Every structure is written in structure tokens, then in C-alpha cells.
1. List the extent of the Cα atoms of the range 240-378 along each of their three principal axes, largest first, rounded to whole Å.
2. Counting heavy atoms of the protein chains only and a 1.4 Å probe, report the per residue accessible area for the range 16-347 as a whole number of Å².
3. Starting from the Cα gyration tensor of the range 100-177, take the square roots of the eigenvalues, sort them a ≥ b ≥ c, and report rounded, prolate or oblate (rounded when a/c is under 1.5, otherwise prolate if a/b is larger than b/c, else oblate).
4. Using the per-residue mean of other Cβ atoms lying within 10 Å as a proxy for protection, in what order, highest first, do the peptides 228-240, 306-318 fall?
5. Given only helices, namely DSSP H runs of n ≥ 4 each adding -39500 (n - 2.57), what is the per-residue ellipticity at 222 nm of the chain, to the nearest 500 deg cm²/dmol?
6. So if the hydrodynamic radius of the range 1-77 is defined as the Kirkwood radius over C-alpha pairs, what does Stokes-Einstein give as its diffusion coefficient at 20 °C and 1.002 mPa s, in µm² per second?
7. Taking 0.36 nm per residue of sequence separation and subtracting the Cα-Cα distance, how much length would be gained by fully extending the chain between Lys472 and Leu453, in nm to one decimal?
8. Write down the percent of antiparallel bridges among all DSSP beta bridges whose residues are both part of the range 16-347, to the nearest 5.
Amino acid sequence: DGRLTFFPGNQTVDLPFINFMKRYGTVFLNAYTNSPICCPSRAAMWSGLFTHLTESWNNFKGLDPDYVTWMDLMEKYGYHAQKFGKLDYTSGHHSVSNRVEAWTRDVHFLLRQEGRPMVNLTGHRKQVRVMEADWRNTDKAVNWIKEEAVNLTKPFILYLGLNLPHPYPSPYAGENFGSSTFLTSPYWLEKVTYEAIKIPKWSSLSDMHPVDYYSSYTKNCTGEFTKEEVKNIRAFYYAMCAETDAMLGEIISALGDTGLLRKTIIIFTADHGELAMEHRQFYKMSMYEGSSHVPLLVMGPRVKEQQQIPNVVSLVDIYPTMLDIARIPVPQNLSGYSLMPLLHVKAESEVSPRGPRPSWVLSEFHGCNVNSSVYMLRTGKWKYIAYSDGYSVLPQLFDLTADPDELTNVAIKFPVIVHSLDKMLRSIVNYPKVSSSVQEYNKQQFISWKQSLGHNYSSVIANLRWHQDWLKDPKKYEYAIDEWL
């Protein structure tokens, strides 16, 4: 959650290495994902293109494996490139459940698709390494810096992708039932200030926006939760952020130990945030700040120190920024703009050949746990969220200055602003047309999948992540799918 990287969000947990980057670099106060879910978000970051251009509609559908990323270009131009950890921007990953839930989101049924969010304390007060896979990848990156990077004669680019702070799979709920367990050790939990944790306000279920209600239901969050449960989920999430920060620290220390720190640019960001029980939801797949607002910090040579940048930026800006750093010509067709003019100690006088950076960012979502395509435009103090064809589901408008917790939809109160923002959104993306294409894609993909299963179809679909609800009345749900088709 990007809000943890600056005041007031950062009072809940100590993140020493994020703070180190703020002290010696720049923090972006309004950085957003272009799609709040793993694969589509990374597809935007690696390609520099909005989601409706990459057509990375869900966690299964990403970029083609041979897509030319900014890292490929940097390698072509003489950089030594190295990747460790989670990449997740090409098609074909994630579970069958993920796919089928995304394809069937227009079907008229409500089924829980995730385990109920819960916490789990593991290990002891000295246990630092909880997410062992991430630590192994961090160790690989540290060793590479100390053994390889330090001896290179040409410049290098190192990418390290972590899973944390991501909820863990929940075996208690049965196989294939999502990741809804917030897991940490007492070591990290002690870094969290419980008194500073805010308990989010919830609308009553009957007052929720219909898409929010669908999300809350499929995420298994419509039941009763005590204040203590909510507080614990948030505390464990913050503890997982602290563990992530320590991995960043290992990289910074390795660069410091090898004398590379003063001549290396470090960028820290994320594919999406975590709602952690805000708006009666956990996970991502939402345009609310907890899910869509990401961290973005940069430090290194010629990057201004102790700078806070209020401009809205997004992950598509990473592609042109990387090329700009490497002095590689930036393609003109990108959705993003280089961040370097904002970061430099001396503001760049020359404007990019494409003109000035726009005053808005776009995020969109077409995957599971949400029963409509969603489009978010953030500009100035406004966040405008449009759905589907723009008519069948009512839009939302939030004034983030007056209402940072996004509890009051003021779309009806400000029709002129809604009209103007909707017009702006349509000039960026013909969103009713994109929504229609996604609906068609979902249907075709589902039909192909169903045909590929033959006689096994009924058994397979009944035993996906929604099996606990589906098996109560399988005929009813199969019939709902037939109606949709």
C-alpha cells in the first residue's frame, strides 16, 4: 500500500529502508497501478502500455512470451541484465479457478471465491525469515551484486521481484481456495504500533455500491468480523510490509558494501496494494486507495534528496524512465512518460518530444472478484470510477482531499464534474467498447475451456475455488452459466 511510504500512513510500522530511500531520494505521493492485480499490472509496467492496449485482461492473460520489455532493450544497448524472483507478466500462469472466475463474472450468481481472511502467527521472537522463497531470491541478488556486479565493466540492471507483502494460501479452507492468510512471526509483529492502527469504517451491506457488494461477497468478507479480527489482519499485513522492507535493506547494504551505492539508481515499487479490510474487503482488484495506490521511491545519482512529488504517476511510466536513465531513444507509442524530469536535481528545461506529462492517470480492471470492467481516472483531488458501458452500473466520484477514506460517493452531487471527467476518460479509452470486447473474450474463452473438458466439465467446475458454495446446488449454478452463454 503506497500510503505506508509517507505520512500519515507510516505511523503504524517502522520501515527503516523505505525511510532511508526517502532521506536520500524521492518519494512519489500519488503513484498508481494501471491494473490492481498481479499479471495485468506487471504487463503494464514491463510494456509501458495501458491494460486495454496489452489486452492483459486477467491473471491468466498477460504479454506474449517474446514481448520486448524495457529490460530487453537495455540489454540490447549494452547493459548487463539480471532478474530474480517473481516476473509474472506473460500469459499462462495462475490457477484454473482464477481464469474461470474472471470469465464467468457476468453470470448471475454469487459464490465465495476466497477463504475468509485470517491471521496466523508462526515461529518465534527471533525468526526473521518467514517468506523463505523471497529471502532466497534476495540472497541470490545480494550474492550477484557482491560477486558479479562489482566486477562488471559495463553498466548493469538488476530486477528483484518479491511476493511479500501478499497474503499466503489458506490450506484450512480446502485445496485451491485462494490466499487469505496473513502470516508473520512475533519478530515482525513487534515492529507494528497497534495503537496507531485505524479500524476502517464500513458502509452497511445494503448501502454498498453493487460492484463493491459483489467483491465483498466473493472475497468472503460479508460475514461478521470483530474489531480485534480487523485490527489483527491490518497489523499482520503491516508486519509483512516490515519483512519486505528488510529485503530492500539487504539490497541497499550489498550496494553499500561494494561501493556501488553512490553510482546506482534504486527504484522501489509494487504491482498493487492491499485493502486489509478497508471497504469490507481484503486483497486487491479495487480502485480504492488501499488497492490501487502503490509505493514509488527512487534514489541515486542526480536524483533529488528528500523530495516529495505530488504529481500523479503510474507504473507505465517505468518503461520510459528506464530507457531515459540508459539514454536509449524512447518509443513514441508508449502510454507512460519518463519520471526523470521530475526526479533530477536540476529540473530539465527541455520538455519531452511527446509534450508535457498529462495531469491524470488511468487504471482499469477486468479480472475476477469484480463483476464489471472498471476504469479509474485520477486527476487533481478527484477520483472518478466508471463501470461497464457507463450506464448499466452507476459511476463513483470521490473527493480525496475532503474524503481520503473514500466513504462518500459524490457523483450525484457534482454532475458537471462527472460529465467532464467521463468525457476525459472516453478521450483516453473508448471504455464501453473495451468492456464489450472483454465480455466477448470471456465468453469465447469459457466455451473453449468447457469444450476441452468434455464429460469432465461438471466435475471440474464444481470443484474450483467456489466449491463450498457450488456443491450446495450444482444444477442451479450450471443452469445460470447456460443462461449466460
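1. In descending order, the Cα extents are 47, 39, 23 Å.
2. Averaged over the residues of the range 16-347, the accessible area is 40 Å².
3. Oblate is the answer for the range 100-177, as a/c is 1.5 or above yet b/c matches or exceeds a/b.
4. Averaged packing, sorted descending, gives the order 228-240, 306-318.
5. Values: 17 runs with 172 residues, N = 485.
Value at 222 nm, helices only: -10500 deg cm²/dmol.
6. Diffusion coefficient, whole number: 146 µm²/s.
7. Difference between extended and current length: 4.6 nm.
8. Bridges in the range 16-347 are about 40 percent antiparallel.
The values are calculated or read from the model by the stated rules, or taken from the named source; none is laboratory data. What you see is a predicted model; the values in this text were computed from it and never measured. We place every Cβ from the backbone using ideal geometry, glycine too, and count neighbours over all the protein chains shown. Surface areas here come from the heavy atoms of the whole protein model, side chains and all, with no ligands, DNA or RNA. Shrake-Rupley method; radii C 1.70, N 1.55, O 1.52, S 1.80 Å.
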